[in-house]
């Protein structure tokens, strides 16, 4: 089973180029032609993505502060490779190409806008009205996770960034008997 080499680049406003690459496992043995088709289908105009949104290393040149520069990275090619799996975000856990393809597809759903999140329940984007009425959720082990009676205890800081549509919110859509049975953490 060959690994998958994903090659991309950043081209600044002066047409200077900086190349990057990531190598993924391919445990499901997805054919290279299918991988390439899914990549093109997910990218803006079939070739552009924002590296940070899919956990790829950025290839910016210099300080990247020019008003003429942008955040878009260009897809160059994908191929089979004998190189060991490694990409900057997942070197230890060896990200699989299926995970990366899902990240690209999520980027497309977010319209390649880093400020636009997806619902953590249904993985669909928000309309403007839905975003205004979004529900913030917490990881299960977060000390600010909502509790019985929808109370939180103290002003504890957390870094949870989960959001859900009101219609998807598991907290709001629990049967009342289940919501009352929750144990309140100290």
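Here are the numbers for this structure:
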| read-out | value |
| --- | --- |
| Condition broken by residue 36, with the remaining ones in (1) in a helix (DSSP H, G or I); (2) touching a helix residue (DSSP H, G or I) at 6+ places or on another chain (Cβ under 9 Å) satisfied | (2) |
| Tally, over the stretch 47-66, of residues that are part of a loop (DSSP other than H, G, I, E, B) and in contact with a strand residue (DSSP E or B) (Cβ under 8 Å, 6 or more places away or on another chain) | 7 |
| Unmet criterion (only one of (1) part of a helix (DSSP H, G or I); (2) within 18 Å of residue 169 (Cβ to Cβ)) for residue 101 | (2) |
| Matching residues in the stretch 49-71 - criterion: being touching a residue at least 60 places away in the same chain (Cβ under 8 Å) and closer than 14 Å to residue 20 by Cα | 49, 50, 52 |
| Residues satisfying the stated conditions in the stretch 67-94, i.e. out of contact with any helix residue (DSSP H, G or I) (no Cβ under 9 Å at 6 or more places or on another chain), in a loop (DSSP other than H, G, I, E, B) and either crowded, with 16+ Cβ neighbours inside 10 Å or at pLDDT 95 or above (or both) | 69, 82, 85, 94 |
| Cβ-Cβ under 8 Å pairs, at least 6 apart or on other chains, the stretch 1-24 side surrounded by fewer than 15 Cβ atoms within 10 Å (Cβ to Cβ), far side at pLDDT 95 or above and outside any strand (DSSP E or B) | 1/26; 1/27; 1/29; 2/26; 2/82 |
| Identity of the residue in the stretch 131-170, closer than 22 Å to residue 103 by Cβ and modelled with pLDDT of 85 or more, that ends up surrounded by the most Cβ atoms within 10 Å (Cβ to Cβ) | 164 |
| Meets criteria (under 23 Å from residue 111 (Cα atoms), at pLDDT below 95 and out of contact with any helix residue (DSSP H, G or I) (no Cβ under 7 Å at 6 or more places or on another chain)) for residue 64 | yes |
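The values are calculated or read from the model by the stated rules, or taken from the named source; none is laboratory data. Everything numeric in this text was worked out from a predicted model, so none of it was measured. Heads up, the Cβs are rebuilt from the backbone with ideal geometry, glycines too, and the neighbour counts pull from every protein chain shown.
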